[in-house]
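Notes to accompany the following structure.
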Amino acid sequence: MRLSLLSATLALIVTTGSILPAAAQQQDELRRRGDIACKVSSNKLCSKFFNQGDMAILACLQQNKAHLQPSCRKFLTEIGQLN
């Protein structure tokens, strides 16, 4: 399954045109954590948006915050994408 939720969140976090090697490593780690935390929620709630891009998936998760798995809710809150 292709899950690109973290691309959406990272697009909101990364503001420069180039990413330094350390930032790229942080991006990879953030993507890994998000994939683990939100895999169940994104498959269950947002699979119809998988081919519509990262921002559509993130918006879907945000709109369905009441139905997110606790791990996904916690992750998105920690990275500032859910309040």
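The values are calculated or read from the model by the stated rules, or taken from the named source; none is laboratory data. If you're wondering where the values come from, they're calculated on a predicted model, not measured in any experiment. Cβ atoms come from the backbone with ideal geometry, glycine included; neighbour counts cover every protein chain shown.
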Practice task
Would you point out the residue of segment 35-79, among those that are modelled with pLDDT of 95 or more and in a loop (DSSP other than H, G, I, E, B), that is surrounded by the most Cβ atoms within 10 Å (Cβ to Cβ)?
Solution key: Leu68
Handout entry: Inter-residue pairs, beta-carbon under 9 Å, first touching a residue at least 60 places away in the same chain (Cβ under 8 Å) and in segment 21-33, second assigned to a helix (DSSP H, G or I), 6+ apart
Key = none
